[in-house]
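A quick write-up on the structure given underneath.
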Amino acid sequence: MVLRDLARDAGTLTVGSPYPLWAMTVVDVAARDAFLAAVRERLPDLRLLEDDVDRERFRRDEAPYVAADLPLAVALPTTTAEVAELVRLAAEHRVPIVPRGTGTGMSGGANGVDGALTIGFERMDRILEIDEANLVAIVQPGVINADLKRAVADKGLFYAPDPASYESCSIGGNLSTNAGGLCCVKYGQTRESVLAIEVVLADGTVIRTGGRNLKDVAGYSLTHLMIGSQGTLGLITEATLRLRPAPPPRSTLLAFFASVEDAGRAVAGIAAAGLGPVTLELMDRETIAAVDDAFSLGLDREADAMLLVESDLPGEAAVTEVERAAAACEASGASFVIRAADHQEADWLREGRRQAYHALERLGVTRMEDVVVPRARVAELLRRVRELAARHEVRCATFGHAGDGNLHPNFVFERDDPRADELTHVLSAELYAIAMELGGSMTGEHGVGVSRAPYLEAQRGADAVRVMRAIKAALDPLGILNPGKVLPPVP
Ligand SMILES: Cc1cc2nc3c(=O)[nH]c(=O)nc-3n(C[C@H](O)[C@H](O)[C@H](O)COP(=O)(O)OP(=O)(O)OC[C@H]3O[C@@H](n4cnc5c(N)ncnc54)[C@H](O)[C@@H]3O)c2cc1C
């Protein structure tokens, strides 16, 4: 009931509403002009975009239904010193700042805010060092995830975090959302691979939160405070990342099920058997058909769901692990299981799963959600998602990182369906209520951003949100860092 009310608020907050994303400090036009003049004077070599056409590219991320304004201007710095100077000037002129990676976020976190300067990190894209002795990489925030993976693979090393968007998302965006992906069931979310960061604080001060040490417990963990804070507490200008030796080639299994709940039970069975696959991904019937249409993989379109299970253990251990996973699938009613013929076939299958969202986008307006539940409740979540979609007569396709309990239900609307925006908010609110009821969360990896901010208190409780506000006030007393994101508006 409460969440339904929130859905209504979220609707007015984000659907065609003049509600400002940022309403803490009033900046008049003259003050904005003075700020931009100061930026041009102090940073004459900085790339500063002020044309409407240029700024338009930075208006929003990949969630088209979330409120977004045209940025006041867009700065594309190349050094930490430039970022620090920009933030100092912004604080002096009381101009808010929106940090942005490559804008693949799904919650509006990088969306432009009226009167705010967007700082895009796309030109801070250098891999500064690959330290093979310490298994560490030091990178600027604009490095693309897959580029880092390829660079370290050339040296026989492995950077684990792998969001499905890895060919286009930035390391800065990954840290700021604490991104997940296809192999975090084994290697953890992005935070497990971050040793230290360099951060520009809201007054332009630059701090470092640690070094190349695997262990370091001196003081509060500012690294972990910043990770996942979506640019509301500081701007990440450098990251010291943990690498691993490259794992051996994977052993890959596909299991098909006559019911989506059986697949959910198999996920719980694999966890209960103590197995630790590197990939445990699910696609339901709608997703299987869309992926198969797009990539002709020869998937079983009669199945209600399938699991992709992979092991990267050394030698025969991988085969054994996958065989034990196959037994767990069969015990949960899998209609059949099949091993990938070779590594190329396994790569295609994994890529098909990575491209599931884009395959679904071919069917209509696709709204991707991101809930997570304890693994033993995946089957229940899958059932409840279907009931929800049926109740609202909306097409729904679900895929996701089932091994983490993290599923992406996608609501797919006809392209001319006038209900799409409004209904998205209602469906999301009801979905969050279901996830919370099952002991889960409204977001596993995409973050709160703008779209989930109204629900944060329902998820975390008023006291926890009060603590978050206190941290925000301590680190950003003027409220200039990514305003309107993560924290709900003060009532
Ligand atoms: C097809 C598709 C598949 C996806 N699959 C996954 C997936 O499997 N797992 C997953 O976790 N996500 C996934 N995502 C979501 C998205 O790719 C991730 O959230 C990613 O981490 C965002 O990176 P970005 O560079 O695009 O960041 P942006 O969208 O530009 O920004 C994201 C947030 O980080 C902040 N930010 C960016 N850079 C900095 C910085 N240097 N300092 C401070 N704040 C900063 C922004 O203000 C914003 O709040 C997917 C998205 C798409 C479109």
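Where a number appears in this text, it was derived from the coordinates with a stated rule and is not lab data. Keep in mind the model is a prediction, meaning the values are calculated, not measured. Glycine also receives a Cβ, built like all others from the backbone with ideal geometry; neighbour counts cover every protein chain displayed.
What list of ³J(HN,Hα) values in whole Hz, one per residue of the stretch 78-88 in order, does the Karplus curve 6.51 cos²θ - 1.76 cosθ + 1.60 (θ = phi - 60°) give from phi, with Gly and Pro shown as x?
Once θ is set to phi - 60°, the couplings for the stretch 78-88 become 10, 9, 4, 4, 5, 4, 4, 5, 4, 5, 4 Hz.
Given 0.36 nm per residue, what is the gain on full extension from R47 to A133 after removing their alpha carbon distance, in nm?
Full extension of this stretch gives 27.3 nm more.
Based on the Cβ-Cβ distance from R415 to H392, what FRET efficiency comes out when R0 is 25 Å, to the nearest 0.05?
0.90
If we sort 273-285, 415-427 on the protection proxy, mean other Cβ atoms within 10 Å, highest first, what's the order?
273-285, 415-427
Please list the non-local residues whose amide H lies under 5 Å from the amide H of L128, H modeled 1.01 Å from N, same-chain partners needing a gap of 5 or more.
Hits under the 5 Å cutoff: I138, V139, Q140.
What is the P(r) of the stretch 189-289, as percent of Cα-Cα pairs per 5 Å bin from 0?
In order of increasing distance, the bins hold 2, 10, 15, 14, 10, 10, 12, 12, 9, 5, 1, 0 percent.
Once phi is turned into ³J(HN,Hα) by the Karplus curve 6.51 cos²θ - 1.76 cosθ + 1.60 with θ = phi - 60°, what whole-Hz value does each residue of the stretch 328-342 show in order, with x for glycine and proline?
Values per residue, Gly and Pro as x: 5, 5, 5, 5, 9, x, 4, 6, 7, 10, 8, 8, 5, 5, 7 Hz.
Name the lysines eligible as straight-distance cross-link partners of K485: C-alpha to C-alpha under 17 Å, and not fewer than 8 places from it in the same chain.
Within the straight-line cut-off, K485 pairs with K472.
Hey, got the dipole for the chain? About the Cα centre, +1 on K and R Cβ, -1 on D and E Cβ, debye to the nearest 20?
That gives a dipole near 1000 debye.
How long is the gain from W348 to D300 if the chain were fully straight, where each residue apart is worth 0.36 nm and the alpha carbon distance is subtracted?
Value of the extension gain: 15.8 nm.
Mind pulling the angle between the C-alpha long axis of helix 343-354 and the longest principal axis of the chain? Nearest 10 degrees, somewhere in 0 to 90.
The answer is roughly 50 degrees.
Tell me, rounded to the nearest percent, the portion of alpha carbon pairs in the chain spaced more than 33 Å apart.
38 percent
Between the stretch 398-465 and the stretch 347-369, how far is it from one alpha carbon centroid to the other, in angstrom?
So the two Cα centres are separated by 18 Å.
Quick check on the stretch 376-491: take the gyration tensor over C-alpha atoms, sort the square-rooted eigenvalues as a ≥ b ≥ c, and tell me if it's rounded (a/c under 1.5), prolate or oblate.
Verdict is prolate for the stretch 376-491.
Leaving out same-chain residues fewer than 8 places away, which aspartates and glutamates sit with a Cα under 20 Å from that of K155?
D125, E129, D131, E132, D147, E167, D312
Excluding same-chain residues fewer than 8 positions from K149, which lysines have a Cα within less than 18 Å of its Cα?
K186
Quick one: 3J(HN,Hα) in Hz for the stretch 60-76, Karplus 6.51/-1.76/1.60 with θ = phi - 60°, rounded, Gly and Pro as x.
Ordered by residue, 3J(HN,Hα) equals 9, 9, 8, 10, x, 8, 9, 3, 7, 10, 6, x, 4, 7, 10, 9, 10 Hz.
Computed FRET efficiency, Cβ-Cβ of R40 and T205, R0 30 Å: what is it to the nearest 0.05?
For R40 and T205, the calculated efficiency is 0.80.
Bin by bin, in steps of 10 Å, what percent of the Cα pairs in the stretch 77-198 do you find, going until the bin that has the longest distance?
Reading upward from the zero bin: 13, 42, 31, 12, 2.
Taking one equal scatterer on every alpha-carbon of the stretch 269-389, how large is log10 of I(q)/I(0) by Debye at q = 0.14, 0.21 1/Å?
-0.67, -1.44
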